[in-house]
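The values are calculated or read from the model by the stated rules, or taken from the named source; none is laboratory data. Bear in mind that the values here come from a model prediction, so they are computed numbers and not experimental data. FYI the Cβ positions are ideal-geometry reconstructions off the backbone, even for glycines, and counts take in every protein chain you see. Accessible surface is based on the protein model in full, side chains and every heavy atom, while ligands, DNA and RNA are left aside. Shrake-Rupley method; radii C 1.70, N 1.55, O 1.52, S 1.80 Å.
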Amino acid sequence: MKRENLILLADAYKYAHHKFYYPGTTQIYSYLESRGGMFNETIFFGLQYFLKEYLQGQAFTQQDLDEADGFLQQVFGRDDVFDKSKFQYIIDKYDGRLPVIIKAIVEGTAVPTGNVLMTIENTDPECYWLTNFLETLLMQVWYPCTVATVSNQIRKVVTRYYAETATPGTEAGIDFVLNDFGFRGVSSVESAKIGGAAHLLNFNGSDNLAGSKMAIDYYDAQRVYGLSIPATEHSICTLLGREGEEKVFEHVLKAFSTGTIACVSDSFNIFKACSEYWGTDLRDQILQRDGTLVIRPDSGDPIATLLKIFEILFDKFGFTVNEKGYKVLPPQVRVIQGDGVNYAEIGNIYEALKENLISAENLVLGMGGALLQKVDRDTQKFALKCSSAIINGTEVRVEKSPTEMDADGNITQSFKKSKGGRLKLVRVNGAYKTINQDEDPEITDLLQTVFDNGNLINTLSFEQVKANVNAN
């Protein structure tokens, strides 16, 4: 498969910047940060994928440059915007290897928002324009970072409710509470890959095979991390119509007589399915299984539906009360909610279960679009900005500090204020802090070189990244 032409992986306005930079500019130094957003910390993940996929080694060839030249002449309709010689210089001198250094915090680290996560600078004074030319592509690291962060925050919610309501010793089940159902709901296979892998830093439940494959291919994962179970869909459960639904359910139990299976049960009437089919006619067969049946509703208000389902299942299958005072279904029966699930609703669901004395261990979750697609760059307010430059041999501090007017007509400083100078990320008394490189020289910079003139440095395995997440 042909590799993407890196020369064309930038916003069109970037191609004129080599002329716009002030005469005498020889170096541009820029940094990436999460400026705030939905959560007050961000899990850094995914840069290694972009470096391996797009930047390492020979990033572009003469054929790529020739293709880009003709393409960009048409884009601008003039021949004085795209300067082929800028890229020809990199081919002739470096064989297409990029003369930049990229430093970053170790992947899997949770860093409070407002701190530097990555820096990039050119190493050849002729290539001052290259630093921010790469912004368009490198900025896309916001996506795996954001998915990893959302998934991690959900794990914190689940862990809290397990601690409050679940039977001691069941904590291992948390690994499979949130399942990635998002492959079909994302915009591309690449999104499924990098978003799916980001989720696997926090949970092991996933129907998104692309995520596990990405972890193996780009992070040398030693095994498949996304695990799943046999499960039905509506095309199976509706084959015999309303009157034949119970026959289908019976067949599902026979198809996999042991182990965990899931069956969507809302094709016609979820409450009848739970009460009459699963809870009465097939009850003994379920309780005699060496395994667990996971009943899946897929419509209706999640909280109201779940509370009614648990009321029925407790009545039909019985329950125990754990030492914390919460009801637990027999191990042969559980419920999965996969419709209408997002970060906020998950907290609401578990709080409703708690209020009704239902243990969190009775429920697992499936999350699709809200996990992998209903996020954007502003979820965590990612930005990549220049903070230092060398102009005519002098290093200058670069920053922006815009003002803005609020709805009441007051002029205030924008949250988009950027940092100035060459930066380092340090940890003082356990807290992360961004300072200038010449401050506190005795404190180690936590940003490590990961890319040096075409070479990947300090690569990580998926196991190492997961360990870093768990250590946060």
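Using a Förster radius of 41 Å, what is the FRET efficiency between GLU399 and SER299 based on their Cβ-Cβ separation? Nearest 0.05, please.
The computed FRET efficiency comes out at 0.20.
What part of the accessible area of segment 338-455, given as a whole %, is carbon or sulfur when the probe is 1.4 angstrom?
Here it works out to 45 percent.
Using the beta-carbon distance between PHE76 and ARG422 and R0 = 30 Å, what value does 1/(1 + (r/R0)^6) give for FRET efficiency, to the nearest 0.05?
Calculated value: 0.35.
So how tilted is helix 209-219 from the main axis of the chain? Cα-based, degrees 0 to 90, rounded to 10.
40
Calculated FRET efficiency, LEU357 and ALA12, Cβ-Cβ r, R0 41 Å, to nearest 0.05?
0.10
Please give the Cα centre distance for segment 274-331 versus segment 49-114, rounded to the nearest Å.
A separation of 56 Å, based on Cα centres.
Probe of 1.4 angstrom, ligands and nucleic acids ignored: what's the accessible area per residue over segment 44-147, in square angstrom?
For segment 44-147, the per-residue accessible area is 33 Å².
Could you do me a favour and compute the accessible area per residue for segment 171-269, 1.4 Å probe, result in Å²?
Per-residue accessible area for segment 171-269 comes out at 46 Å².
Which entries in LYS400/LYS424; LYS193/LYS374; LYS247/LYS316; LYS156/LYS419; LYS272/LYS324; LYS84/LYS416 show an alpha-carbon gap greater than 23 Å?
Violating the 23 Å limit, Cα to Cα: LYS156/LYS419; LYS272/LYS324; LYS84/LYS416.
Please enumerate, by chain and number, the aspartates and glutamates with C-alpha under 15 Å from the C-alpha of LYS103, excluding those fewer than 8 residues away in the same chain.
Partners found: GLU33, GLU121, GLU135, ASP445, ASP452.
Nearest 10 degrees, 0 to 90: what angle lies between the long axis of helix 189-199 and the longest principal axis of the chain (Cα atoms)?
The helix 189-199 is inclined about 70 degrees to the chain.
Helix 142-165 sits at what angle to the longest principal axis of the chain, using alpha carbons and giving 0 to 90 degrees rounded to 10?
The angle comes out at about 30 degrees.
Calculate the dipole size of segment 230-307 relative to its Cα centre from +1 charges on Lys and Arg beta carbons and -1 charges on Asp and Glu beta carbons; express the result in debye to the nearest 20.
In total the dipole reaches around 120 debye.
Describe numerically, in nm with one decimal, the distance between label points set 7 Å from Cα along Cα→Cβ at GLN448 and at GLU243.
Computed distance between label sites GLN448 and GLU243 equals 6.7 nm.
Quick one: go through segment 279-309 and flag any residue whose amide nitrogen is under 20 Å from the point 7 Å out along the Cα-to-Cβ line of LYS254.
279-294
Under a plain spin-label model, where a point goes 7 Å from the Cα along Cα-to-Cβ, how far apart in nm are PHE268 and GLU171?
4.5
Rounded to the nearest percent, how much of the accessible area of segment 187-313 (1.4 Å probe, protein heavy atoms only) is carbon and sulfur?
Carbon plus sulfur share of accessible area: 51 percent.
In nanometres, what is the gap between the two model label sites at ASN342 and GLN63, each 7 Å from Cα along Cα-to-Cβ?
About 4.5 nm, to one decimal.
Enumerate the amide H contacts of ASP266 below 5 Å, restricted to partners 5 or more residues apart or on another chain; note that Pro and chain-start residues carry no placed amide H.
ASP298
Ordered by residue, what ³J(HN,Hα) values in Hz, to whole numbers, does segment 316-327 give under the Karplus form 6.51 cos²θ - 1.76 cosθ + 1.60, where θ = phi - 60° and Gly and Pro are x?
7, 9, x, 6, 10, 10, 6, 5, 8, x, 10, 6
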